[in-house]
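Structure record follows, encoded as structure tokens.
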Amino acid sequence: MAFNKGFIFGTASASYQVEGAYNEDGKGLSIWDVFSRETGNVAHGETGDVACDHYHRYKEDVAILKKLGIKNYRFSISWTRIFPDGTGKVNPAGLKFYSDLVDELLVNGIEPYVTIFHWDYPYELYKKGGWLNDDSPEWFLEYAKVVVDALSDRVKNWFTINEPQCFIGLGFWTGAHAPFLKTSDRDLIIMTRNVMLAHGLTVKYIRENAKTTPKVGFAPIGPVFVPENDTPEAVEAAKEKTFKLTKLNMFSISWWSDPIILGKFPEEAYELFGDKMDIFSEEDFKTIAQPLDFYASNIYYNDFDQPVDPMGYEQGAYIGSPRTANGWPITPDVMYWAPKFLYERYGLPIIISENGMAALDWVALDGGVHDPNRIDYMERYLNALEKASDEVPVIGYFYWSILDNYEWSCGYDMRFGLVFVDYRTQERTIKDSGYWYSEYIKKKTNN
Ligand code: GCO
């Protein structure tokens, strides 16, 4: 059992969650800047105004990556740093920040992996209808072009969008994330189309215009079912449940990934939503289904049939079951089954673009941050991934996240980092898990 040679070990982050400097150097407002501060949306009313102050401290943060020997870093670009109004006039200072960050990474021997959009949608465009507006794919392309033109001489690896499941599903379906809305099926389907077109147009642009040969994909989530036992029947049943649409499910894998990779929706989409699906033309699918270099997936735990059990335990939990600080079940087997199922369906090399856990970490009397639970979590998930990589091509793993950061509507309570951040002073302390991951990478890349 071993990861392939050249396996990509990295960590991930996202602009709104770490950067802060929300209104500096010409940056415009995103929907997170605006809606996080409205009463009742986010725990303790916290915002990303300052976050980890990464905008000013990126050199220190890159130095930490280097010290830990983490040679791949996934981060996202804040659209409104580049286009304060979403389209129109470019803000050179915003572009310079990312160009400097890329340089800093490269000088330190760290490969940049750029996510073009990780949820911080421009407020000015939201006011024009956002993803509901049929101009929205072109707005996205206008933004993506500027990013690609400026960075693709140095950046080779691209994720167009992060988790459409969440920025549409949580943003407009369950109402748990900005802009905290619950919209109609019709609107959700229109938004789906525009997001997919934005992705497709951007992939095409990158392929045709990047200054170095690019590797392109996107980063959906993977709510995967795990077989109840080892029999072929159980494996088949789990696979079927993983990809089957039984209702309008904004979190589904097949709803988003089938059109993007296979060029069509699963049959059930047409049975379930009838003529609401007519907005998709043959031409659309040609734009949407651009060839990709990998299938990335953010994976934290497997899906369960029973969302809430009679005792009120959600998602497969039972009395005293292992859970992370935000209540997510710890299910390492998903790291074995997900790559297998996803590879079988989509036929692309697999990257785990996020995996990690929240814990209630603190700085101990001896000045360290001791998080044996996270080390155990990582070891279990990585073992399962390594086992999968013997059977299907798995090419990378990004731990979420390098720093503790702003966990969206949970505010700062949930600490996912390999590095502890004291938000009062911005002091960083590498956790035991950070040192552990460093040793792990060394060991596994020397194999
Ligand atoms: C996501 C996002 C990250 C989260 C992380 C932990 O996957 O939800 O990409 O921004 O912070 O997943 O919830």
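None of the figures in this text is laboratory data; all of them are computed from the coordinates on show. Keep in mind the model is a prediction, meaning the values are calculated, not measured. A quick note on method: Cβ atoms are made from the backbone with ideal geometry, for glycine too, and the neighbour counts reach across all protein chains shown.
Take every DSSP beta bridge whose two residues both sit in the chain; close to 20 percent of them are antiparallel.
Take the Kirkwood radius over Cα pairs of region 190-260, plug it into Stokes-Einstein at 25 °C and 0.890 mPa s, and you get 170 µm²/s for translational diffusion. Using only side-chain charges placed at the Cβ, +1 for Lys and Arg and -1 for Asp and Glu, the dipole size of region 332-447 relative to its Cα centre rounds to 280 debye. Residues in region 61-73 carry Karplus couplings, in order, of 6, 5, 4, 5, 4, 5, 4, 7, x, 8, 9, 9, 9 Hz; the curve used is 6.51 cos²θ - 1.76 cosθ + 1.60 with θ = phi - 60°, and Gly or Pro positions show x. Within straight-line reach of LYS444, meaning a Cα separation under 13 Å, sit the following aspartates and glutamates at least 8 residues removed in sequence or on another chain: GLU379, GLU386. Along the charge dipole of the chain, which of GLY69, THR80, VAL42 sits closest to the positive end, that is, farthest toward it, with unit charges on the beta carbon of Lys, Arg, Asp and Glu (+1, +1, -1, -1)? Sorting the options by dipole projection puts first GLY69.
Among TYR399, SER254, PHE9, whose Cα lies farthest out toward the positive end of the dipole of the chain, if unit charges sit on the beta carbon of Lys, Arg (+1) and Asp, Glu (-1)? Farthest towards the positive end: PHE9. With both residues required to sit in region 5-126, DSSP beta bridges show an antiparallel share near 10%. Under a cut-off of 15 Å between alpha-carbon atoms, report the aspartates and glutamates in cross-link reach of LYS27, not counting same-chain residues fewer than 8 places apart. The reachable aspartates and glutamates, counting only those whose Cα sits under 15 Å from LYS27, are GLU19, ASP49, ASP53, ASP85, ASP120, GLU124. Output the pairs from LYS156/LYS431; LYS89/LYS204; LYS156/LYS442; LYS71/LYS241 with a Cα-Cα distance over 28 Å in this structure; if there are none, say none. Result: LYS156/LYS431; LYS71/LYS241 exceed 28 Å.
Based on Cα atoms of region 93-245, Rg over Rh with Rh as the Kirkwood radius reads 1.05. Taking amide H positions as modeled 1.01 Å from N, with prolines and chain starts lacking one, the residues under 5 Å from ILE221 and 5 or more places away or on another chain are GLU163, GLN165, ASN298.
Beta bridges per DSSP, both residues in region 304-433: antiparallel share near 55 percent.
Both the radius of gyration and Dmax for region 157-236 are 17.0, 49 Å, in that order, over alpha-carbon atoms.
Remark: the Cα gyration tensor places region 361-447 in the prolate category, a/c being 1.5 or greater and a/b exceeding b/c.
Taking packing as the residue-averaged number of other Cβ atoms within 10 angstrom, the listed peptides 389-396, 18-25, 189-196 run from highest to lowest as 189-196, 18-25, 389-396.
Using C-alpha positions alone, give me the convex hull volume of the chain per residue in cubic angstrom.
Looking at the chain, the number lands at 144 Å³ per residue.
When a/c is below 1.5 the answer is rounded, else prolate if a/b is larger than b/c, else oblate, so apply that to region 396-445 with a ≥ b ≥ c taken from the square roots of the Cα gyration tensor eigenvalues. Note, shape of region 396-445 comes out oblate. Both numbers refer to the Cα atoms of region 160-207; Rg and Dmax are 11.7, 36 Å.
For a distance above 20 Å, tell me the whole-number percent of Cα pairs in region 297-447 that qualify. Percentage above 20 Å: 54.
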